[in-house]
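Some notes on the structure that comes next.
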Amino acid sequence: MSVTTNKQKRNLYDAMMRGARLKCPACGHGQLFRAYLKVADTCPSCREELFHHRADDAPPYLTIVIVGHLIVAGVLALEQAIAPPQWVHLVLWLPLTVILSLALLPSIKGSIVGLQWANQMHGFGSRPDPDDPVPEHSSVPNQY
């Protein structure tokens, strides 16, 4: 026996872009984070529950991939162009690596939360969207 649901399709691009701007993926107005990387339990604007997210290791992994590619390309280009001493590389690339990582991590995590919200993963589809019309009757059978 299969159970069908009346889940409406959510716009993946809009949700991920809202998350990347550190806003609620549902409404785009409320703050997504209550601290540097701590996702708020609910959106202060539309009251969408956000505690369902399971970003886990994806944001740090993607941050490492992006920053690593940028830094390695920069190191190689600088080395080929002027071959500076090693201390120049340390003074230039070490702080840049830390700054880029800390700057990109919240936006990447916000995008992952937006991705999960748009695809209704991990409990994000358990209640109707704030902007959806209320259906008169539900065709989903009671599972309890």
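The values are calculated or read from the model by the stated rules, or taken from the named source; none is laboratory data. Keep in mind that this is a model prediction, so the values were computed, not measured. Reconstructed Cβ throughout: ideal geometry from the backbone, glycine too, with neighbour counts over all protein chains shown.
A few comments on the model shown:
- Single residue of the range 33-53 satisfying the filter (farther than 21 Å from GLN8 by Cα and not small (Gly, Ala, Ser)) that is surrounded by the most Cβ atoms within 10 Å (Cβ to Cβ): VAL39
- Taking the numbered list (1) closer than 29 Å to ALA20 by Cα; (2) at pLDDT below 95 in turn, PRO106 passes all entries but (2).
This table checks each residue for (1) touching a Phe, Trp or Tyr at 6+ places or on another chain (Cβ under 9 Å); (2) surrounded by 15 or more Cβ atoms within 10 Å (Cβ to Cβ); (3) modelled with pLDDT of 95 or more; (4) β-branched (Val, Ile, Thr).
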site	(1), (2), (3), (4)
GLN31	no, no, yes, no
THR63	no, yes, yes, yes
GLN80	no, no, yes, no
VAL88	no, no, yes, yes
THR97	no, yes, yes, yes
SER126	no, no, no, no
PRO130	no, no, no, no
SER139	no, no, no, no
TYR144	no, no, no, no
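- Considering the conditions (1) more than 18 Å from the chain's Cα centre (by Cα); (2) within 23 Å of LYS23 (Cα to Cα); (3) among the aromatic types (Phe, Trp, Tyr), TYR61 is excluded by exactly one of them, (1).
- Summed over the range 46-71, the residues that are outside any loop (DSSP other than H, G, I, E, B), without any contact (Cβ under 8 Å) to a residue 60 or more places away in the chain and either over 21 Å from ILE99 (Cβ atoms) or among the aliphatic types (A, V, I, L, M) (or both) give a count of 8.
- The sole residue among ALA73, ALA55 that is of a type outside the set (Val, Ile, Thr) and within 19 Å of HIS122 (Cα to Cα) is ALA55.
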